[in-house]
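Structure, as structure tokens:
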Amino acid sequence: MSSVRETKSRPEISEAVRQTRDQMAEKTEEIQVTVEDVDVTRDTQNNLSREGTTEGAAETESALEGAESTAVDTFEEKDQALDEIQQEGQDYQVDLEGRMNSSEGDLESVGEAKDRIETPEVADRMAEAEQAVQGDIDFLKEQINRAQADLEESEQAQEDFESHVRAVEE
């Protein structure tokens, strides 16, 4: 009997996919707050009357530009952190696809072996093995699809935020 190496349980895989989704959602929420900060600083700059003193207006403008710059820098840092989380999610998705491909190979091997079995009782047990491998394939497909949907949702939100921050900069 061959040994199984580097396998993961279904709960471990589900948890890893969930954790990545949660990390992307958390970072997206942080980015949303930062985007709102960028908007507030820009709106404040645009809505000032600047009718006090020249020095006061210049100091206020400088401070507001600094606030905007800080908010944009913070946005970029959080955006980069989200990129890293998304990359980890993509890497894990590739790992899951490799596991699924391996299981598909196992399914083919079990099916070929089952077809060569003559004893009905043994054939029944081989059919159970075939069903077990198919269950793994189905589970992995589901997790891959879930991870892909989570990643696409996160990337879309990220693109929307980036467009918003960049559009207002210009």
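The values are calculated or read from the model by the stated rules, or taken from the named source; none is laboratory data. What you see is a predicted model; the values in this text were computed from it and never measured. Please note: Cβ atoms are built from the backbone with ideal geometry, for glycine as well, and neighbour counts cover all protein chains shown.
Just a few scattered comments:
- Boolean, Glu97 is surrounded by 13 or more Cβ atoms within 10 Å (Cβ to Cβ) and either in contact with a Cys (Cβ under 6 Å, 6 or more places away or on another chain) or under 22 Å from Ser154 (Cβ atoms) (or both): yes
- Any hit, segment 36-50, residues being surrounded by 11 or more Cβ atoms within 10 Å (Cβ to Cβ) and more than 30 Å from Val165 (Cα to Cα): no
- Residue within segment 119-126 that is in contact (Cβ under 8 Å) with a residue 24 or more places away in the chain and farther than 28 Å from Glu15 by Cα present: no
- Considered as a group, the residues in segment 18-34 that are surrounded by fewer than 20 Cβ atoms within 10 Å (Cβ to Cβ) and aliphatic (A, V, I, L, M) include one that is nearest to Ile144 (Cα to Cα), and that residue is Ala25.
- Residues being part of a loop (DSSP other than H, G, I, E, B) and of a type in the set (S, T, N, Q) - total across segment 17-56: 2
- Out of Asp138, Asp79, Asp106, Asp91, sole residue that is closer than 24 Å to Val38 by Cβ and at pLDDT 95 or above: Asp79
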